[in-house]
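In what follows, a structure is listed as structure tokens, so that the remarks can point back to it.
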Amino acid sequence: MTATATAHRPDGRSPASSGIVAGFPAPVRGRIVGRLIDAVLATPFYIAGSIAGFDSVAGATIAAAGAAFVIWNQVWRVARSGASIGQSVLGIRLVDNASGAPLPLWRCAVREVVFLLLTVLTVVTLLRRDRRALHDLIAGSFASDAIAGDALRSARRVDDDTLRGLPGRRRRESDIRALFTGAAMLSLLITALIVFSLVAEAWTFVSNVELGSLWGTQWAPRFGEYDIKTLIVGSLIVTAVAMVVALPIGLGSAIYLSEYARPRVRKVLKPVLEILAGLPSVVVGFFALRWIAPNVVQRFFDAGIFSLMAAGLGVGLLTIPLMASISEDALTAVPRPLREASAGLGARKKTTTSRVVLPAAVSGLVAAFIVTVSRAIGETMVVFLAAGGGGNVATFTADPTEAGSTMTAAMAAQASGTDAVVGEALTFESLFFVGLVLFLVTLGLNLLADRFVRRVRQAY
Amino acid sequence: MQITKEQRVDETSAMIDDIEVREDPRASEIVLETRDLDVYYGAFRAVRDVGLRIRANEITAMIGPSGCGKSTVLRCFNRMNDLIESARVEGEVRYHDVDLYGDKIDAVEVRRRIGMVFQKPNPFPKSIFDNVAYGPRVAGQRRGLDDLVERSLQRAALWDEVKDRLKDSALGLSGGQQQRLCIARALAVDPDVLLMDEPCSALDPIATGRIEELMQEIKHDYTIVIVTHNMQQAARVSDRTAFFTAEVNEESDRRTGLLVEYDRTQNIFSNPSDGRTEAYVTGRFG
Amino acid sequence: MKLGTVLPDQTRKDVERRLQRGGIDFGGFVFRLALVSCLVFALLVLLVLVADVFDRGFGVLTDRGLDFLSAPLRTRADEAGIFQSLRGTFWIGVFVVALAFPFGIGAAIYLEEYAPDNRLTRLIDVNIRNLAGVPSVVYGILGFSIFVKAADGFFPGSVGDHAGKTTAAAGVTLAVLVLPIVIITSAEAIRAVPREIREASYGVGATQWDTIRTNVLPYAAPGILTGTLLSLARALGEAAPLILVGAVQGRLGSRTGFFEPEQLSEQFTAMPITITDWATKPANSGFVENTAAAIIVLLVVVLLANAVAILLRNRFENKRAGR
Ligand SMILES: Nc1ncnc2c1ncn2[C@@H]1O[C@H](COP(=O)(O)OP(=O)(O)OP(=O)(O)O)[C@@H](O)[C@H]1O
Ligand SMILES: [Mg+2]
């Protein structure tokens, strides 16, 4: 079934007007970016190969796979569909210069070889008006603007075939989709690598460590003492102190911003939290050590310059913005009608807030609390600097005014100081063991928080 | 009123045949046709059993109470429903006798031939020129864009108002101008069919009048389908009118839309054959 | 909505009591004051922090000026400078821009525009949000056991204990660290693109990629830029993962220029590392002042990136709202 449209035809779509048989030349920028994409796709092979060493069997295999990929992408694909992945994504179609027909395989190969050998020269010759560079001239090819080419071909005919669209454009769309899919899959790879790098060594530690050395009085891996409770209690103390600061201040700020502050006031006050959120943790660590410790901790307690409390206060400071922003999200998610219903009954703002808004937002607030706890447990540098956690040895203590260490700081401490982690046989592996515990704890907390967040979404 | 599926299918095809019989022999060719069209959003059936034949170079109006599925049906004509993940289409939509939902049919190609103008004017946050040139550009046109933009704006009766500020943002135009810009944008790709979903509902009467005039002018080149809540508008501009309504049916407690009557506009408004149509057009319903 | 079911009984009693009592709402005033003082507290601490750092460090910067920026790490406080640290931080930034930005934005585009609503998508989604919550020191382990080893194999000639503990390994580690943040913020920006714009684009026959490239991304660009800048700032201020990746804390031997790519295959340090190292030196060694001076430099870089991001976002929010 064919129908020809009666409507007027816009000019500029007729091939004759381009003056070149095979269509419009593809823009130079696109051709360069296309090359870049093809190169990026091939780099993982190169990196993997050089890591394995090209003279090893594994390396040679990877190199061969890489070569096969490049030939498939940049020669075979071009001969078959007119474009490598990079070219396809940038809307370039490679055709025979004279006829506009697809290029045979061997000429695609010649073109790529010439390009590889004489890259600089080919780039210079791109200055020609038809953008045919040296390798194009030798292979008799023409890099055409595939999208402009589509316009030339799609007449206003309606039948099964034209409505199917042009294969080039469909392939382009699916190539682009594939690239983005790859980018998203990378996050799964990262998680896999994290788990992999933690679990193997941690397992070595767990299966080889003397159980007795896991329970003692200090965490001193270089001397074979792995009293893990020292670190866990240290982490708990720091987190508890931090939450004493972050919970009320963060929550209070959030309530003020969401319930009370007029838009203009908000616009001035909100950035305070955002700047606080942007402070690097080493800066807060320095502040905790050099200002909070002497001016706050030592003024009220009989403490040394290093103390878990100073570190906890610093971590609290650092986590205020997180607590505030998630709580604020939870509060603003409470539907208006609920507030209005309360206000309509004549309730005061404070009553509405504390009796209606807060209870309604409780799931989100719990999530905020959990996420903040998780962040506090994971904070390293403040403890490293202010709690004395930078040392090699941490003695067990449950007293916040004493020096101590946390899981995070112990890991950093172990990796610093000397260039390589040395000491008893399992010193190195203990690092991974602590890392795994830390990873699992924060993972659990994050998943838990996610639960609560989802409950908020379901409710409204 | 309980109607069984079989009865109803019979009714629909009978209706089409009716029209066919009364058709004058010079009637133009059928551009769009639906057969037993059902559209679902998830499990909810929004419209059922729509049978329509839309003819070339005519203006077809779709009227009916809110929620009866006019937009839903309209959006099937250029596969805009593909953008809604939950939407599912059953039955056939044929365009020049090609099944639009057939195997391997490319929605992009469909939309290049069947353009759409939306209820709320939705110009891109770009210049006036870039708005109109957008469609041809993505279709691969590289030359002659100046001419094309001018011609499209002229067709949409907007050229004189904007010719000195083509580089200005389209968002600076008035609502009526924005809607005509959207029409110009749709015309620039030289479509075969133009779908308009309540194109005047956000406009004042003067702007509405201009768009109605415009539709009359361009209908010789295009086939137009318009959804409208304005009965006078349907009566004024359209050649044929389809009346939809929504009824509670056996399978769910939500109301499912259906096509009640489809005929020449004159007949729908002066001599409807279905009581529901009459009630609606005389204002006793909806 | 039935009010009786929504409001707890308590509230109604409270309201009744209030209505009977009348007068000024003293409790409400105190409540409000308490809330404001939370924010004021945060502001005050911020001011004290900045003042303290400037008080200690500004002298170093004014006395030594460029010398402090261009001198290498040394054991004497009055000679030590942050040249290599700035250089390391610069290159780490390059890695974040070159790796985390394109891959992060790409993943966000996939999740918002392409991903079907299925289990794999939900897995990726949960996974990214969890990655964002993994402590930075754990990324250090990833860097140490994967990227350092990879760099060792990749750069020929780097041998011995330092093998692989290079700028490149550090850069990749931090790029991976902020990747989830880039994805999450970019996805948010893309999600905010109005439906009408997409429909208009598809309606004139644009393909999905046309629509993304010419409409979705330009509209989301300010939001994406804000997110990427914030994550860049985050990366530049990170120390913990760098310690695990083997940043040099004492002296750093070779002294080459700033921009030479050979940097990538050599040992490195960075601003936060130098700050950490100096901060733990004895109080009267002169290094405390140096630390504060280095912090000022780092804050200028990091807070500038933050401030630009916040301003950008506010400006575009206003613009959108004003439309
Ligand atoms: N995206 C969607 N998801 C779920 N249901 C939808 C969606 N869009 C429309 N519906 C439902 O489908 C039915 C028909 O909607 P449609 O928008 O087609 O009606 P309409 O006749 O155009 O109404 P109006 O005159 O108000 O525009 C309604 O019940 C509506 O709630
Ligand atoms: Mg509608």
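Worth a mention:
- Entry for the stretch C:88-270 at q = 0.13, 0.17, 0.19 Å⁻¹: log10 I(q)/I(0) = -0.71, -1.01, -1.15, Debye formula applied to identical alpha-carbon scatterers, no solvent contribution.
- Cα centre as origin, Lys/Arg/Asp/Glu Cβ charges: the stretch A:5-189 dipole, Debye: 480
- Calculated diffusion of the stretch A:218-456, Stokes-Einstein form, Kirkwood radius summed over Cα pairs, 4 °C and 1.567 mPa s, µm²/s: 68
- Rounded tilt (10° steps) of A:427-459 against the dominant C-alpha axis of chain A: 80
- Proportion of all alpha-carbon pairs of chain C beyond 25 Å (%): 63
- Expressed to the nearest 5 percent, the antiparallel share of DSSP beta bridges inside the protein assembly as shown is 70 percent.
- Within the shell of other residues whose beta carbon sits under 15 angstrom from the beta carbon of A:Met185, the net charge comes to +2, with Lys and Arg scored +1 and Asp and Glu -1.
- For chain C, the longest principal axis of the alpha carbon atoms and the long axis of helix C:83-95 meet at an angle near 50°.
- Extent along principal axes [Cα atoms of the stretch A:372-414; Å; largest to smallest]: 26, 23, 14
- For chain C, with all protein chains in place and a probe radius of 1.4 Å, 63% of the accessible heavy-atom surface sits on carbon or sulfur.
- Chain A: C-alpha gyration tensor shape, a/c 1.5 cut-off, then a/b vs b/c: oblate
- Both chains summed, the buried accessible area for B and A stands near 2600 Å², from protein heavy atoms and a 1.4 Å probe.
- Applying the Kirkwood pairwise sum to the alpha-carbon positions of chain B produces a hydrodynamic radius of 19.6 angstrom.
- Across every pair of non-identical alpha carbons in the protein assembly as shown, the mean reciprocal distance, once inverted, gives a Kirkwood radius of 33.3 Å.
- Taking N as the residue count of the stretch B:168-286, its C-alpha radius of gyration divided by 2.2 N^0.38 Å amounts to 1.23.
- Phi to ³J(HN,Hα) by Karplus 6.51 cos²θ - 1.76 cosθ + 1.60 over the stretch A:86-101, Hz, x for Gly, Pro: x, 5, 4, 5, 8, x, 10, 10, 8, 9, 5, 5, 7, 9, x, 7
- Between 0 and 90°, nearest 10: helix A:228-255 axis offset from chain A longest Cα axis: 80
- Taking the C-alpha atoms of the stretch A:5-189, convex hull volume expressed per residue in Å³: 146
- Around the Cα centre of the stretch C:88-270, unit charges on the Cβ atoms of Lys, Arg, Asp and Glu (plus for the first two, minus for the last two) sum to a dipole of about 260 debye.
- Mean-square fluctuations from a GNM of chain C, with a 10 angstrom spring cutoff on Cα atoms, peak among C:Thr207, C:Thr274, C:Thr228 at C:Thr207.
- Relative contact order (%) - chain A, alpha-carbon pairs under 8 angstrom, separation at least six: 16
- If you take the alpha carbon atoms of the stretch A:262-390 and fit the smallest convex hull around them, that volume is 129 Å³ per residue.
- Building the convex hull from the alpha-carbon atoms of the stretch B:58-197 and averaging its projection over directions returns 9.8 nm².
- Relative contact order, whole percent, for chain B stands at 24, derived from Cα pairs under 8 Å and 6 or more residues apart.
- Tail weight of P(r) past 18 Å, computed on alpha-carbon pairs of the stretch B:189-254, percent: 44
- Mean residue ellipticity at 222 nm, helices only, chain A: -20000 deg cm²/dmol; runs of at least 4 DSSP H residues each add -39,500 (n - 2.57), and the sum is divided by the number of residues.
- In the frame of its principal axes, the stretch A:89-201 has Cα extents of 62, 46, 25 Å, reported largest first.
- Candidates B:Arg180, B:Arg236, B:Arg264, ranked by Gaussian network fluctuation over chain B, Cα under 10 Å, top entry: B:Arg236
- Residue pairs, from the table B:Lys126/B:Lys163; B:Lys120/B:Lys219; A:Lys350/C:Lys13, whose Cα atoms sit over 19 Å apart: B:Lys120/B:Lys219
- Each Cα pair under 8 Å and six or more residues apart adds its separation to the average, and for chain C the resulting relative contact order is 25 percent.
The values are calculated or read from the model by the stated rules, or taken from the named source; none is laboratory data. All figures in this text were calculated on a predicted structure; none of them were measured in a lab. FYI the Cβ positions are ideal-geometry reconstructions off the backbone, even for glycines, and counts take in every protein chain you see. The protein model used for the area step is the full one, side chains on, heavy atoms only, and it has no ligands, DNA or RNA in it. Shrake-Rupley method; radii C 1.70, N 1.55, O 1.52, S 1.80 Å.
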